[in-house]
Amino acid sequence: MDGEAPVKKNSDLPVRVVSAIVMLAVAGTALRLGGWWWRGFAILVGALCLAEFARLVLRATEKPLNRIAGTVFGTAYVAIAVISLASLPLGVVLGIVAIVVATDTGAYFSGRAIGGPKIAPKISPSKTWAGLGGGMLAAGIVSAGTFAWNTGELAMRPMLFIAFAIGAMLAVVAQTGDFFESWLKRRAGMKDSSQLIPGHGGVFDRFDGLLPVAIIGALLWGMHP
């Protein structure tokens, strides 16, 4: 069994790469066009996420009240995230997406390089504290870099450190979203939220970290003077 796993991963790699390129191209085009193109894309992604969320809830419990409560929560959760993504300035959306990508990338590489204690092995066996730290560091750097790029100021000043801290905090939020979906999938007895995206699972699998970051990002933007 141990010898077969790498072969399976290698065979899936071309499919994963092609799927990732297509997803990036579609999302990037929608962002570039902006307006209702972007809003329509956000609504479509939200609808697919909600459908997969509801499927997980139905598989996770047979109690009618729990199913209703889970579906209502999922609807509110996804809807608020979609409204946030659709209403924020595109520059802010790009920053949010960059922070989530940096979190996943930093967590992946630092987790594999350092290893160490798991955060919650019963929920997500691959997540380590080292990975979380690497994700926070990468997200903080991206956030501070985005702030410096937008303001044109590279000098060390309080706002640069605040931007770093915000990015690191949003990395924790992204990982929380990831853990939440992993918990729900374990309750449902499912490896992926669906098989809609070849090599990647479902739409909810790809956007589980972005949803809560979009919500918190919108709140932070609303507080921005």
Query raised in the report: So is Phe161 within 30 Å of Ala69 (Cβ to Cβ), in a helix (DSSP H, G or I), touching a residue at least 12 places away in the same chain (Cβ under 8 Å) and of a type outside the set (A, V, I, L, M) or not?
Result: no
Requested in this report: Taking Asp178 as the residue in question, decide whether it is touching a strand residue (DSSP E or B) at 6+ places or on another chain (Cβ under 8 Å) and acidic (Asp, Glu).
Outcome: no
**Report entry** Search result, residues across the stretch 164-180 that are free of Cβ contacts under 8 Å to residues at least 40 places away in the same chain and over 13 Å from Ala144 (Cα atoms)
**Finding:** Thr176, Gly177, Phe180
Query raised in the report: Take the residues of the stretch 98-127 that are within 22 Å of Ser143 (Cβ to Cβ) and hydroxyl-bearing (Ser, Thr, Tyr): which is farthest from the chain's Cα centre (by Cα)?
Result: Ser110
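Output the residues belonging to the stretch 1-55 that are in a loop (DSSP other than H, G, I, E, B) and either surrounded by 12 or more Cβ atoms within 10 Å (Cβ to Cβ) or at pLDDT 80 or above (or both). Outline the logic, then answer.
Keep residues of the stretch 1-55 that are in a loop (DSSP other than H, G, I, E, B), which gives 1-4, 34.
Passing the criteria: only Gly34.
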Query raised in the report: Among the listed residues Pro212, Pro158, Pro198, which satisfies the condition of being out of contact with any strand residue (DSSP E or B) (no Cβ under 6 Å at 6 or more places or on another chain) and modelled with pLDDT of 90 or more?
Result: Pro212
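I'd like the full set of residues that are of a type outside the set (Asp, Glu) and either within 19 Å of Val93 (Cβ to Cβ) or without any contact (Cβ under 8 Å) to a residue 60 or more places away in the chain (or both), limited to the stretch 183-203.
If we filter the stretch 183-203 for residues that are of a type outside the set (Asp, Glu), which is where we start, we get 183-191, 193-203.
Scanning the stretch 183-203 gives Lys191, Gln195, Gly201, Val203.
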Report summary line: Residue set Gly106, Gly140, Gly145, Gly134; condition touching a Leu at 6+ places or on another chain (Cβ under 8 Å) and in a helix (DSSP H, G or I); output residue Gly106
Requested in this report: Determine whether the stretch 69-80 contains at least one residue that is surrounded by 15 or more Cβ atoms within 10 Å (Cβ to Cβ), hydroxyl-bearing (Ser, Thr, Tyr), without any contact (Cβ under 8 Å) to a residue 24 or more places away in the chain and part of a helix (DSSP H, G or I).
Outcome: yes
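The values are calculated or read from the model by the stated rules, or taken from the named source; none is laboratory data. The structure displayed is predicted, hence computed values, not measured ones. Cβ coordinates were reconstructed from backbone atoms using ideal geometry, including for glycine residues, and neighbour counts include every protein chain displayed.
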